[in-house]
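Readers should treat all values here as calculations from the given coordinates under stated rules, not as data from a laboratory. Keep in mind the model is a prediction, meaning the values are calculated, not measured. Neighbour counts are summed over all protein chains in view; Cβ atoms, including those assigned to glycine, are modelled from backbone coordinates with ideal geometry.
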Amino acid sequence: MNIRKLISTRLSRGRVDLNINLERTGETTYEVNRQLISGYVSALRDIQKEFNLSGDVDINTLTRLPGPWVRRAAVSTNQCRKESRKRLAKL
């Protein structure tokens, strides 16, 4: 059951607008997508050779490309939903 339906089952009439703001205060960690970075490095080196380009593939280059980092929050969105439902059920 979604949160909107849960709240509406508690109402006899009328309408309620609800905004939920989630503030993540827990620790956030990042995982490195090594397979993607490896692909980027290979592709960039191939381009360097093919077009006779100078320069190095470095960390600055890799961090500007999309997707090398996967963010992992201490609390998942599913856990937040479950906790919200549990607390709303007590209303």
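For Ile59 and Glu27, the FRET efficiency from 1/(1 + (r/R0)^6), where r spans their Cβ atoms and R0 equals 35 Å, is about 0.90.
For Trp69, the amide hydrogen comes within under 5 Å of the amide hydrogens of Asn33, counting only partners 5 or more places away or on other chains and with H modelled in the peptide plane. Each label point was placed 7 Å from the Cα along the Cα-to-Cβ direction; for Arg81 and Gln48 their separation is 4.4 nm. Quick one: P(r) of the chain from all Cα-Cα pairs, 10 Å bins, percents rounded to integers, in order of increasing distance. Each 10 Å bin holds this share of Cα pairs: 12, 28, 18, 15, 14, 9, 4, 0.
Taking all Cα pairs closer than 8 Å and separated by 6 or more residues, the relative contact order of region 3-89 comes to 47 percent.
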